[in-house]
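Working notes for the structure below.
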Amino acid sequence: MSAETAPQAVAAPQRAVTMEKIVNLCKRRGIVFPASDIYGGLGSTFDYGPLGVELKRNVKEAWWRDMVQRRTDVLGLDSAILQHPRTWEASGHLQNFTDPLVDCKNCKQRFRADHIQGDRCPECGGELTEARQFNLMFKTFMGPVEDTASTIYLRPETAQGIFANFANVIDTQRVKLPFGVAQTGKSFRNEITPGNFIFRTREFEQMEMEFFVKPDPAEEQSWFDYWVNERFNWYVRYGVKQDHLRLRPHAKDELSHYSRGTTDVEFLYPFGWGELEGIARRGSFDLDQHAKYSGKDLTYFDEEAKSRYRPWVIEPAAGVDRTMLAFLIDAYDEDVVEGETRIVLRLDPRLAPVKAAIYPLLRKGGQPEKAHEVRARLAPYFTTTYDQAGSIGRRYRRQDEVGTPFGVTIDHQTMEDDTVTLRDRDTTGQVRVPIAKLVETLTERIGWHR
Ligand code: GAP
């Protein structure tokens, strides 16, 4: 059973933007750095720089607002990365969370057997070993003694923390089926072949929601359809182009061990179609298993039916890093402004790392002081930046490249009437706005309320 769907063998349509352009921009502008760079890097690990951390926070914020804050039927949770080792016995991860691994007898490289075509090494054509199952969970020890009894695992999915808290949630919150429990957080998988930048890494972040429904096939089907549709449209709402998304139901033989049926939302990356998010029907598999292994009652009491049962689960499970990559790829653009080519990230303003850049037109006449004053006014509401270095055109270009949707310029007129020019990243159009109206105008145009 594979931890993740193998890439499709079909030829993918080409994209104009390349991974190289994205990776270079990310490094050059402090969005994503290779981790442990000063020591020569550490296999597919990445650090998020000053702009990347803002973008990542906004991706999670958007998800949380739509999946928890705006809903009446979903609650949040933040469970521990380290769970009791029995968790992973119960969940089936110890037994089943494996990928088939083959080694090349000649060049010694390792591959996932289900990621290669044919029976020879894709690098040197050498003979391959028989496939053996490799468990993807990272192991460590709890406490000072390093023995079997103290072995624990870094969670490979955030989901199990939700199932382990099912009784806590229904005992302390007034919930009625159907309801969901959502959380975001780090997960770890010792992937055999990580790669494609932040697409597949060994340490990554997930945004998962377990939606509990009555154990009834019709109920399950309608909520499954609902969540597939919701999650597909979510990406479109925040800027992914509809043509770059597709739904792909899993074939029976690629289903995860816990799944009765999964549909992936796939995105057209520059390297081809790949999974962004999986929506799975987990049935009562996890609650049944945890009830069995813990001996605890994990049933729900249905007041209307006057009966107890373990609900079934629909799980939309997304990756923060992949989502961020998809938004970056679809936002990347190059156009010509005033005869000069510019790179512009057309990120949704809600996701943009910095919402507004404040510029004094001149470094004199009280303009820098006024610009600092305006920045201080905006700072409690939005992430902002101040820039007085170079020509105004160059300053605009610098911010366009990292997707800053608004530029606020302080000029000689500002000193007379307390208005500023507000420049739009996408149209490069400018309007005059009173300083007193800036917070309101920016709030409206950033549009978290949409
Ligand atoms: N709880 C279900 C679950 O974990 P999954 O399809 O294995 O399902 C969900 O993972 C999402 O997590 C994926 O769609 C992907 O976005 C992200 N993800 C999984 N493995 C990843 C990896 N090695 N690197 C980055 N993101 C990953």
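The values are calculated or read from the model by the stated rules, or taken from the named source; none is laboratory data. The structure presented is a predicted model; accordingly, all values stated were derived computationally and were not measured. As a convention, Cβ positions derive from the backbone with ideal geometry for all residues, glycine included, and neighbour counts pool all protein chains shown. Quick note on the areas: whole protein, heavy atoms, side chains included, nothing else; ligands and nucleic acids left out. Shrake-Rupley method; radii C 1.70, N 1.55, O 1.52, S 1.80 Å.
Looking only at segment 362-402, which residues are more than 34 Å from the chain's Cα centre (by Cα), open to solvent by 50 Å² or more (accessible area, probe 1.4 Å) and in contact (Cβ under 8 Å) with a residue 24 or more places away in the chain?
If the condition is that a residue be more than 34 Å from the chain's Cα centre (by Cα), open to solvent by 50 Å² or more (accessible area, probe 1.4 Å) and in contact (Cβ under 8 Å) with a residue 24 or more places away in the chain, then Leu362, Arg363, Gly365 are the ones that fit.
Just checking, how many residues over segment 244-253 are open to solvent by 40 Å² or more (accessible area, probe 1.4 Å) and assigned to a helix (DSSP H, G or I)?
Total meeting the criteria: 2.
Kindly indicate whether any position in segment 271-282 is more than 12 Å from the ligand (Cβ to nearest atom) and closer than 19 Å to Asn233 by Cα.
Looking for residues that are more than 12 Å from the ligand (Cβ to nearest atom) and closer than 19 Å to Asn233 by Cα, one finds at least one in segment 271-282, hence yes.
One line per residue, one yes/no per condition, for (1) within 16 Å of the ligand (Cβ to nearest atom); (2) surrounded by fewer than 23 Cβ atoms within 10 Å (Cβ to Cβ); (3) closer than 18 Å to Pro353 by Cβ; (4) at pLDDT 95 or above:
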position	(1), (2), (3), (4)
Arg308	no, yes, no, yes
Trp312	yes, no, no, yes
Gly319	yes, no, no, yes
Leu328	yes, no, yes, yes
Glu334	no, yes, no, yes
Gly339	no, yes, no, no
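State the number of residues belonging to segment 376-393 that are β-branched (Val, Ile, Thr), closer than 14 Å to Thr409 by Cβ and part of a loop (DSSP other than H, G, I, E, B). Before you say what the answer is, go through the steps one by one.
As a first pass, look at segment 376-393 and keep what is β-branched (Val, Ile, Thr): 383-385, 392.
If we keep only those that are closer than 14 Å to Thr409 by Cβ as well, we get 384-385, 392.
From what is left, the residues that are part of a loop (DSSP other than H, G, I, E, B) are none.
Count: 0.
Yes or no, residue by residue, for (1) open to solvent by 20 Å² or more (accessible area, probe 1.4 Å); (2) touching a strand residue (DSSP E or B) at 6+ places or on another chain (Cβ under 9 Å):
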| position | (1), (2) |
| --- | --- |
| Phe46 | yes, yes |
| Gly52 | no, yes |
| Leu55 | no, yes |
| Asp66 | yes, no |
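Report every pair of residues separated by at least 6 positions or lying on different chains whose Cβ atoms are under 6 Å apart, first residue within segment 74-103 and among the basic types (Lys, Arg), second surrounded by fewer than 18 Cβ atoms within 10 Å (Cβ to Cβ).
Cβ pairs passing all conditions: Arg86/Tyr293.
Hey, can you tell me all the residues within segment 112-133 that are assigned to a strand (DSSP E or B) and either more than 16 Å from the ligand (Cβ to nearest atom) or surrounded by fewer than 15 Cβ atoms within 10 Å (Cβ to Cβ) (or both)?
First pass over segment 112-133, keeping only residues assigned to a strand (DSSP E or B): 112, 120, 127-128, 132-133.
Result: Arg120, Glu127, Leu128, Arg132, Gln133.
Restricting attention to segment 205-231, which residues are of a type outside the set (Lys, Arg), open to solvent by 30 Å² or more (accessible area, probe 1.4 Å) and either more than 18 Å from Lys60 (Cβ to Cβ) or within 13 Å of the ligand (Cβ to nearest atom) (or both)? Full working, then the answer.
First pass over segment 205-231, keeping only residues of a type outside the set (Lys, Arg): 205-213, 215-230.
Filter once more, keeping what is open to solvent by 30 Å² or more (accessible area, probe 1.4 Å): 215-219, 221-223, 225-226, 229-230.
If the condition is that a residue be of a type outside the set (Lys, Arg), open to solvent by 30 Å² or more (accessible area, probe 1.4 Å) and either more than 18 Å from Lys60 (Cβ to Cβ) or within 13 Å of the ligand (Cβ to nearest atom) (or both), then Pro215, Asp216, Pro217, Ala218, Glu219, Gln221, Ser222, Trp223, Asp225, Tyr226, Asn229 are the ones that fit.
Note down all Cβ pairs under 6 Å where the first residue falls in segment 308-326 and is without any contact (Cβ under 8 Å) to a residue 24 or more places away in the chain, the second is more than 15 Å from the ligand (Cβ to nearest atom), and they're at least six residues apart or on different chains.
Arg308/Thr299; Arg308/Phe301
Answer with yes or no whether Leu268 is under 18 Å from Leu328 (Cα atoms), in contact with a helix residue (DSSP H, G or I) (Cβ under 8 Å, 6 or more places away or on another chain), modelled with pLDDT of 95 or more and away from the ligand (no atom under 12 Å from the Cβ).
Answer is yes for this residue.
Pick out the one residue from Thr148, Thr172, Thr184, Thr158 that is within 14 Å of the ligand (Cβ to nearest atom) and open to solvent by 30 Å² or more (accessible area, probe 1.4 Å).
Thr184
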